[in-house]
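Colleague: Below you'll find the structure I mean.
The values are calculated or read from the model by the stated rules, or taken from the named source; none is laboratory data. It should be emphasised that the depicted structure is a prediction, and the values quoted were computed from it without experimental measurement. All Cβ positions, even for glycine, are placed from backbone atoms using ideal geometry, and neighbour counts span all protein chains on display.
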Amino acid sequence: MRKCLQIIAGPKVISMPDRGDQDRLLVTAGGTWHSRSMSEKPYHSFSAHLKQRFGGRVHKISVDAGFSCPNRGGTRHEAGCLFCDPDGSGAVGIERHLSIAEQLEAGKEIMTRKYKAKHFLAYFQPFSNTWGAPELLRARYDEALDVTGMVGLAVGTRPDCLPPPVLDLLAEYHRRTYFWLELGLQSCHDRTLARLRRGHDYAAFLAAYQAAKERGLRVCVHLILGLPGESHADMLDTVAEMARLQVDGVKLHLLHILEGTALGDLYRRGEVPVLQRDAYIQLVADVLERLPATTLIHRLTGDGPRQRLLAPLWSLDKWEVLNAIENEMALRNSHQGCRF
Ligand code: SF4
């Protein structure tokens with residue numbers, strides 16, 4: 001583990017390959033540092049990175065492209081991961097009866113009205129969005145990219161849905177547009193993955209990740225903090241693995257327990273403890289300190305559907321949680337990467 005960044009003469013500029021010329025870390029005397037994309041934040045935020053790269057805010061619009069998931073038996077009706085809900089986990093506010101283009105146009109209309117937005121990323125979010133023949137995937141991704149204002153794609157999937165022909169296709173999109181592969185891992189511990197009924201182990205993630213990196217893809221890894229049976233140290237083990245791999249991006253999810261999921265049933269029986277707010281804030285600060293400064297932070301917490309959220313209810317005030325994380329980093333006089 002390296003010590004916190006310190007230089008004697010300053011400031012030094014570290015370029016970040018594959019993140020654009022504007023996106024650099026400035027390391028100043030005394031160990032304080034920031035990047036142009038970091039703005040005031042003690043971490044390398046994805047939204048600030050997008051703003052620099054595209055000259056204005058970029059809004060992600062989630063779409064349901066009609067895929068399913070092998071871990072749900074190839075249908076949307078069977079049980080999958082312990083935390084999966086029938087909407088495919090995380091699909092809030094998607095109008096799935098619409099075509100991909102119509103969903104994106106509807107999202108654009110809202111974002112333009114609210115924020116005068118001009119740039120958008122199409123986010124293939126629910127279920128496993130690489131689980132299909134390459135020609136089918138191509139048709140769905142192209143439909144999204146053809147919508148005016150789309151500057152790129154983000155495609156969420158599982159490690160076992162990335163055979164070589166699909167990875168080759170994704171590499172083509174990486175060359176064509178601004179492209180992120182969002183890969184669900186959640187934990188590096190096989191015992192946790194088995195408990196979650198993930199249907200893959202850590203070795204499967206590593207194989208998929210390496211194959212994606214060999215093709216030059218940007219990969220954002222999804223992790224869940226607060227999984228049943230995991231200690232603080234267990235979670236930091238997973239973060240240490242992400243640091244070792246120097247992943248391009250990380251999305252941190254707080255474990256949400258939703259009504260209508262197998263996890264929700266366990267929670268109601270008192271079999272699943274949930275993280276308390278202060279523990280989560282300390283944990284996220286510990287995570288940020290251990291991730292390389294070059295890793296883009298796509299998310300620090302999540303906001304589950306209010307009507308179906310059983311716990312933790314404190315997470316509903318997302319902005320308060322985000323502010324508390326920044327305050328904790330300020331109190332520690334700390335920043336992303338200082339314990340990497
Ligand atoms: S991988 Fe995603 S869609 Fe598939 S079962 Fe797990 S949470 Fe649900």
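Colleague: Anything in region 57-84 that is away from the ligand (no atom under 11 Å from the Cβ), touching a Phe, Trp or Tyr at 6+ places or on another chain (Cβ under 7 Å) and either in a loop (DSSP other than H, G, I, E, B) or aliphatic (A, V, I, L, M) (or both)? List them, or say none.
Modeller: Arg57, Val58, Ile61, Val63, Ala65, listed by residue number.
Colleague: Going by the conditions given, is Ala117 more than 15 Å from Leu170 (Cα to Cα), small (Gly, Ala, Ser) and either loosely packed, with under 14 Cβ neighbours inside 10 Å or more than 16 Å from the ligand (Cβ to nearest atom) (or both)?
Modeller: In short, yes.
Yes/no per residue for (1) closer than 21 Å to Thr157 by Cα; (2) more than 20 Å from the chain's Cα centre (by Cα); (3) buried (at least 18 other Cβ atoms within 10 Å of the Cβ):
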{"position": "Lys213", "(1), (2), (3)": "yes, no, no"}
{"position": "Leu217", "(1), (2), (3)": "yes, no, yes"}
{"position": "Leu225", "(1), (2), (3)": "yes, no, yes"}
{"position": "Met242", "(1), (2), (3)": "yes, no, yes"}
{"position": "Gln246", "(1), (2), (3)": "yes, no, no"}
{"position": "Lys251", "(1), (2), (3)": "yes, no, yes"}
{"position": "Leu254", "(1), (2), (3)": "yes, no, yes"}
{"position": "Thr261", "(1), (2), (3)": "yes, yes, yes"}
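Colleague: How many residues are charged (D, E, K, R) and within 11 Å of the ligand (Cβ to nearest atom) when one looks only at region 152-181?
Modeller: Qualifying residue count, region 152-181: 2.
Colleague: Only one of (1) surrounded by 15 or more Cβ atoms within 10 Å (Cβ to Cβ); (2) away from the ligand (no atom under 16 Å from the Cβ); (3) under 21 Å from His49 (Cβ atoms) is not met by Leu104, so which one is it?
Modeller: Tallying (1) surrounded by 15 or more Cβ atoms within 10 Å (Cβ to Cβ); (2) away from the ligand (no atom under 16 Å from the Cβ); (3) under 21 Å from His49 (Cβ atoms), Leu104 fails exactly one: (3).
Colleague: With the condition kept exactly as written, say whether any residue in region 129-146 is under 29 Å from Arg306 (Cβ atoms) and more than 16 Å from the ligand (Cβ to nearest atom).
Modeller: So far as region 129-146 goes, yes, one or more of its residues are under 29 Å from Arg306 (Cβ atoms) and more than 16 Å from the ligand (Cβ to nearest atom).
Colleague: May I pose another question? Hey, can you tell me all the residues within region 111-169 that are in a loop (DSSP other than H, G, I, E, B), under 18 Å from the mean Cα position of the chain (by Cα) and closer than 20 Å to Phe54 by Cα?
Modeller: none
Colleague: Counting just the residues of region 275-308 that are at pLDDT below 95 and not small (Gly, Ala, Ser), which one comes out farthest from Val221 (Cα to Cα)?
Modeller: Out of the qualifying residues, it is Gln307.
Colleague: Among the numbered conditions (1) more than 17 Å from Met235 (Cα to Cα); (2) buried (at least 16 other Cβ atoms within 10 Å of the Cβ), tell me where Leu316 comes up short.
Modeller: Every listed condition holds for Leu316 apart from (2).
Colleague: Exposed (fewer than 15 other Cβ atoms within 10 Å of the Cβ) and modelled with pLDDT under 80 - does that describe any residue in region 39-51?
Modeller: Looking for residues that are exposed (fewer than 15 other Cβ atoms within 10 Å of the Cβ) and modelled with pLDDT under 80, one finds at least one in region 39-51, hence yes.
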